[in-house]
Every structure is written in structure tokens, then in C-alpha cells.
1. Given the structure, is Lys100 surrounded by 15 or more Cβ atoms within 10 Å (Cβ to Cβ), within 22 Å of Val168 (Cβ to Cβ) and without any contact (Cβ under 8 Å) to a residue 40 or more places away in the chain?
2. Condition test on Val47, is it of a type in the set (Val, Ile, Thr), farther than 21 Å from Asp33 by Cβ and in a helix (DSSP H, G or I)?
3. Here are some conditions: (1) in contact with a Leu (Cβ under 8 Å, 6 or more places away or on another chain); (2) modelled with pLDDT of 75 or more. Ala164 meets all but one. Which one does it not meet?
4. Just give me the residues in region 94-141 being under 22 Å from Leu57 (Cα atoms) and among the basic types (Lys, Arg), in sequence order.
5. Quick one: is Ala50 surrounded by fewer than 24 Cβ atoms within 10 Å (Cβ to Cβ) and over 26 Å from Ser118 (Cβ atoms)?
6. Say whether the condition of being over 19 Å from His67 (Cα atoms) and outside any helix (DSSP H, G or I) is met by at least one residue in region 86-98.
7. Got a sec? Which helices (runs of 4 or more DSSP H) wholly within region 101-183 have at least 3 residues that are assigned by TED's automatic domain parsing to the domain that holds Ala85 and more than 18 Å from the chain's Cα centre (by Cα)?
8. Hey, among Ala181, Ala175, which residue is at pLDDT below 80 and either within 16 Å of Thr138 (Cα to Cα) or surrounded by fewer than 16 Cβ atoms within 10 Å (Cβ to Cβ) (or both)?
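The values are calculated or read from the model by the stated rules, or taken from the named source; none is laboratory data. Since we're looking at a predicted model, the values are computed, not measured. Cβ placement follows ideal geometry from the backbone for every residue including glycine, while neighbour counts extend to all protein chains displayed.
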Amino acid sequence: MLPSLIESFARLEMREDGLKCRFLEGLALMETDELSQAVETFRRIAVEAAAIGSERLVASAYGNLTHVYGMMGDAQGAIASSSKAIPILRRLDDRVALAKVQWGLATLLRETGQIEASIESYRKAQEGFEQIGMRADTAALNLVVADLLLELGRDRDALREITAALPVIAELKMAPEGMAALSMLRESARRQEINRPALRELHGYFEELEP
């Protein structure tokens, strides 16, 4: 449906609304793992948003590019995109988007095997989410960090992350498969153990929800 909608906004000279539709297109491409096409879409959005003087859309486009490049393991692309997004987001005081850019960089570091640096970047994203009361995102990152800590053999630290996240996650309405993973993880934490498949299934659930 998007092409006809974008064309309608173009005829009406509603360029910013048309670009917002393009964002939906880019996000849909990310969801379907068509990452190269998503990159091209967000690049075009950034150029067009700059042309109409919409700093917020420029920053959002580069923020999404940071995420896509992170998913692709493209360090150069992610760092270049984040360096363009972050100054604008700070100027606009958009703390949500700033935290999400940090999340994108953390994903890149995780994908490239830089575990310690990835944890540090996830922590920065968590701090941002905590400051604005986004408890679900904070808890989701607790699970991701826990999995990385297990990679480093830091089981006790991982258990603390899980214990901190469980009460928040229990408050959320999740699909049955999410609830099943939560129950298994809660039971393993009670025994001072970690059911890693359940942990990964649960934080995978949150990754699917992440816009």
C-alpha cells in the first residue's frame, strides 16, 4: 500500500508525510531481512529530509541506518551513521533515539565479537532508557547483557541481570511462547542456574518487538 500513499503525498506536496511513509517501508525491509534495500531506503530518506530542513527525520534516518549496519556487521557504516545522528539528537534532546542509536552500536559490537565493548554500549543505552522510565527496554537489555556475560563465564553477574529483569518482564503482556520462556527462565533463576535457551528465546522475543 505504501507506494500509492507516498505518491499521493507527493502530489499534495506533503513531502514530510511522504518521508514518514518511507520510514515504514525501511522498517518493513528490516523486518524481512532485506537489509541492503533498507540501507538504500534510509539513505534516500536522509538526503530528502535534509533537503526539506527536517533535522528530526535526518537524525531518525541515520539512527535506523546505525541499526541496519549493526545487523549487517558493517562497523564503518554503523559508526559513520551514528556520528551523523548523535549530534542532531543531542541538539533536539531526543533521549529515546539517542539510547536506540547506542543500542544499534552495541548490536554491531556483539555481531563482531567485541563482547566487553558491546556490554559497555548496552549499559549506556540502558542508562538512557532508565532516565526516561522505559522499563521494558531496560529489562530487555538486561537479558541481552546476561547472555553476553555468560559468554565471558560470568554466570553470577548474568544471574543478577536476569533477576533484575524478571519482575518487569512479568508485568508485560506477552504471547504464550514468551510466557513459556519467562516461566522456564524464572524457575532456573530460582535454582541459581540459567536456562540459556529460555534466556535467548525471551530476549529474542523483545528483539522482534523492537521498532
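1. Working: surrounded by 15 or more Cβ atoms within 10 Å (Cβ to Cβ): yes; within 22 Å of Val168 (Cβ to Cβ): yes; without any contact (Cβ under 8 Å) to a residue 40 or more places away in the chain: yes.
It is true that Lys100 is surrounded by 15 or more Cβ atoms within 10 Å (Cβ to Cβ), within 22 Å of Val168 (Cβ to Cβ) and without any contact (Cβ under 8 Å) to a residue 40 or more places away in the chain.
2. Working: of a type in the set (Val, Ile, Thr): yes; farther than 21 Å from Asp33 by Cβ: yes; in a helix (DSSP H, G or I): yes.
Yes: the conditions hold for Val47.
3. Here Ala164 clears every test but (1).
4. Arg95, Lys100
5. Numbers: surrounded by fewer than 24 Cβ atoms within 10 Å (Cβ to Cβ): yes; over 26 Å from Ser118 (Cβ atoms): yes.
Yes, satisfied.
6. Of the residues in region 86-98, the ones over 19 Å from His67 (Cα atoms) are 91-93.
Next, from what is left, pick out any that are outside any helix (DSSP H, G or I): 93.
The answer is yes; a qualifying residue exists.
7. none
8. On the way: Ala181 fails: either within 16 Å of Thr138 (Cα to Cα) or surrounded by fewer than 16 Cβ atoms within 10 Å (Cβ to Cβ) (or both).
Just a single option satisfies the conditions, and that option is Ala175.
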